[in-house]
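The values are calculated or read from the model by the stated rules, or taken from the named source; none is laboratory data. These numbers come from a predicted model, not from an experiment. Cβ coordinates were reconstructed from backbone atoms using ideal geometry, including for glycine residues, and neighbour counts include every protein chain displayed. Accessible surface is based on the protein model in full, side chains and every heavy atom, while ligands, DNA and RNA are left aside. Shrake-Rupley method; radii C 1.70, N 1.55, O 1.52, S 1.80 Å.
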Amino acid sequence: MVTESELKKKLNSGHFSNLYLCFGEEKMLVRRSAELIEKKISKGDLNDLNYRVFDNDSELSEISICADMIPFMSEWNFLRINDMDIDKLSKDDFEALMTILKNVSSQTVIIFAMPTLDVTSKTAKAQMKKLISYIDKNGVCIELTHRTGLALERDMCKWAKAGGCTMSELTAHKLIQFAGEDLNRLNAEMKKLTAFADGGEITPEMIEQLVSKTAEASVYDLFGFIVSQNIDKALTAIGTLFYQQISGVYICTVLSGAYIDAYRTRVGREAGIPTAQIADDFGYKNRKWVLDKLSRQIQRVTTASLRRSIDELTAVQERMVTEMIDERVEIERLVCRLALIAGDRSDE
């Protein structure tokens, strides 16, 4: 496997291959990597005579014929194969595909790209693993993994620079808190921010003004209002969520997640376990900052209150999926009860 930087170095140096595979969690980067390969090798000269696109419904016989074609008025013959579900091919079709790859012309470039198909090296089954292994040995294979933490913040700063603006990593962190970690959404928000900043610095105030929070981020804000017993802001936040047509079940589920995150942090710290280890043990990866933020928010909330709150949330979730109830009224009542529980320090 190669990294993004290694792929760019190979392409910039003119070290081209006949076979490429771009796949992974970050769909936007998968698409961009495939486009970069095409652009660098073709030098921007892609046309109907040297470029053909196939998908999961394409016939292997047609792919085979096109793979053997001699480039016309071009140095290279390009085939892009998008979202082919390799593991769903019959054994005979898979063998036929591998035969095409093993006999690919020296003047043909075949690019497998998975811009929407969810497949990673961990989830791939037998046939996909064989394809990955073969292209990794005989071509170039790149897996675009999910960006998190500092790496994602630095990417946002680079995007701001590419848009003619500047942005600090602290501001990038705020953007990610608002918009989430999906690169497609972040890309859209960055275009909006760079246009507004118009060559200047992108500030936290601009993010608050221009970027809509994800539903998850809004629910985590709701958690903060509850544990600080700010009922007015909590009820306003609920109103906003329902105005955005976020279901009560979703609000309850994410709120439960926030309480569980907070409880893990509290119990871990009471046992003398560092937050970094808690994050690692429970698969938070580079989202340790979430635990740090929750830990600060629950400083005045007792461990017993957190346990009681989780019990309340569990009971409400069960009612929501088994009974016909007014979700908004139920959530408002729940939030008021949780705020009262957060203020109960009788067990101290």
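Can you report the number of residues in segment 239-253 which are open to solvent by 20 Å² or more (accessible area, probe 1.4 Å) and either under 14 Å from Ile298 (Cβ atoms) or not small (Gly, Ala, Ser) (or both)?
9
Check whether at least one residue in segment 120-128 is open to solvent by 30 Å² or more (accessible area, probe 1.4 Å), touching a Leu at 6+ places or on another chain (Cβ under 6 Å) and part of a loop (DSSP other than H, G, I, E, B), and report yes or no.
Of segment 120-128, the ones open to solvent by 30 Å² or more (accessible area, probe 1.4 Å) are 121-123, 125-127.
Checking the rest, the ones that are also touching a Leu at 6+ places or on another chain (Cβ under 6 Å) come to none.
Taking every residue of segment 120-128 in turn, none turns out to be open to solvent by 30 Å² or more (accessible area, probe 1.4 Å), touching a Leu at 6+ places or on another chain (Cβ under 6 Å) and part of a loop (DSSP other than H, G, I, E, B).
For every residue, the table says whether it meets (1) within 23 Å of Ala151 (Cα to Cα); (2) touching a Leu at 6+ places or on another chain (Cβ under 6 Å); (3) at pLDDT 90 or above; (4) assigned to a helix (DSSP H, G or I).
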residue	(1), (2), (3), (4)
Lys233	no, no, yes, yes
Gly257	no, no, yes, yes
Ala276	yes, no, no, yes
Lys285	yes, no, no, no
Val290	yes, no, no, yes
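Which of (1) open to solvent by 10 Å² or more (accessible area, probe 1.4 Å); (2) in a helix (DSSP H, G or I); (3) closer than 19 Å to Ile111 by Cβ; (4) touching a residue at least 60 places away in the same chain (Cβ under 8 Å) is the odd one out, the single condition Glu143 does not satisfy?
Failing condition for Glu143: (2).
Scan segment 22-69 for residues that are open to solvent by 20 Å² or more (accessible area, probe 1.4 Å), hydrophobic (A, V, I, L, M, F, W, C) and either in contact with a strand residue (DSSP E or B) (Cβ under 7 Å, 6 or more places away or on another chain) or at pLDDT 95 or above (or both) and report the count.
Result for segment 22-69: 4.
Restricting the search to segment 101-119, which residues are open to solvent by less than 20 Å² (accessible area, probe 1.4 Å) and not polar (S, T, N, Q)?
Of everything in segment 101-119, those that are open to solvent by less than 20 Å² (accessible area, probe 1.4 Å) and not polar (S, T, N, Q) turn out to be Leu101, Val109, Ile110, Ile111, Phe112, Ala113, Met114, Val119.
Could you list, in sequence order, the residues of segment 259-287 that are among the basic types (Lys, Arg) and without any contact (Cβ under 8 Å) to a residue 60 or more places away in the chain?
Passing the criteria: Arg264, Arg266, Arg269.
Considering only segment 208-228, state which residues are more than 30 Å from Arg266 (Cβ to Cβ) and in a helix (DSSP H, G or I).
Passing the criteria: Gln209, Leu210.
Go through Met190, Met156 for me and flag whichever is open to solvent by less than 20 Å² (accessible area, probe 1.4 Å), out of contact with any Leu (no Cβ under 7 Å at 6 or more places or on another chain) and either within 28 Å of Leu294 (Cβ to Cβ) or in a helix (DSSP H, G or I) (or both).
Being open to solvent by less than 20 Å² (accessible area, probe 1.4 Å), out of contact with any Leu (no Cβ under 7 Å at 6 or more places or on another chain) and either within 28 Å of Leu294 (Cβ to Cβ) or in a helix (DSSP H, G or I) (or both) holds for just one of Met190, Met156, which is Met190.
Got at least one residue in segment 81-90 being surrounded by fewer than 17 Cβ atoms within 10 Å (Cβ to Cβ), of a type in the set (A, V, I, L, M) and part of a loop (DSSP other than H, G, I, E, B)?
No, segment 81-90 has no match at all.
Can you confirm whether Gly164 is of a type outside the set (Ser, Thr, Tyr), under 27 Å from Lys40 (Cβ atoms) and assigned to a loop (DSSP other than H, G, I, E, B)?
The answer is yes for Gly164.
Could you tell me how many of the residues in segment 129-140 are without any contact (Cβ under 8 Å) to a residue 12 or more places away in the chain and surrounded by 15 or more Cβ atoms within 10 Å (Cβ to Cβ)?
Qualifying residue count for the region: 0.
Please identify the pairs in which a residue from segment 1-26 that is within 17 Å of Ser106 (Cα to Cα) has its Cβ atom under 7 Å from the Cβ atom of a residue that is open to solvent by 50 Å² or more (accessible area, probe 1.4 Å) and hydroxyl-bearing (Ser, Thr, Tyr), counting only partners at least 6 apart or on another chain.
That search, which allows pairs on different chains as well, returns Asn18/Ser106.
Go over the candidates Gly343, Gly268, Gly283 one by one and state the one that is under 32 Å from the mean Cα position of the chain (by Cα) and either open to solvent by less than 30 Å² (accessible area, probe 1.4 Å) or of a type in the set (S, T, N, Q) (or both). Give the steps one after another, and end with the answer.
Numbers: Gly343 fails: under 32 Å from the mean Cα position of the chain (by Cα); Gly283 fails: either open to solvent by less than 30 Å² (accessible area, probe 1.4 Å) or of a type in the set (S, T, N, Q) (or both).
Result: Gly268 is the single residue among Gly343, Gly268, Gly283 that is under 32 Å from the mean Cα position of the chain (by Cα) and either open to solvent by less than 30 Å² (accessible area, probe 1.4 Å) or of a type in the set (S, T, N, Q) (or both).
Right, Ala96: in contact with a helix residue (DSSP H, G or I) (Cβ under 6 Å, 6 or more places away or on another chain) and closer than 25 Å to Phe72 by Cα or not? Don't jump to the end; show me each part of the working.
Working: in contact with a helix residue (DSSP H, G or I) (Cβ under 6 Å, 6 or more places away or on another chain): yes; closer than 25 Å to Phe72 by Cα: no.
Considered against the rule, which asks whether it is in contact with a helix residue (DSSP H, G or I) (Cβ under 6 Å, 6 or more places away or on another chain) and closer than 25 Å to Phe72 by Cα, Ala96 comes out as no.
Based on what the data block shows, is Gly224 open to solvent by less than 40 Å² (accessible area, probe 1.4 Å) and at pLDDT 95 or above?
Considered against the rule, which asks whether it is open to solvent by less than 40 Å² (accessible area, probe 1.4 Å) and at pLDDT 95 or above, Gly224 comes out as no.
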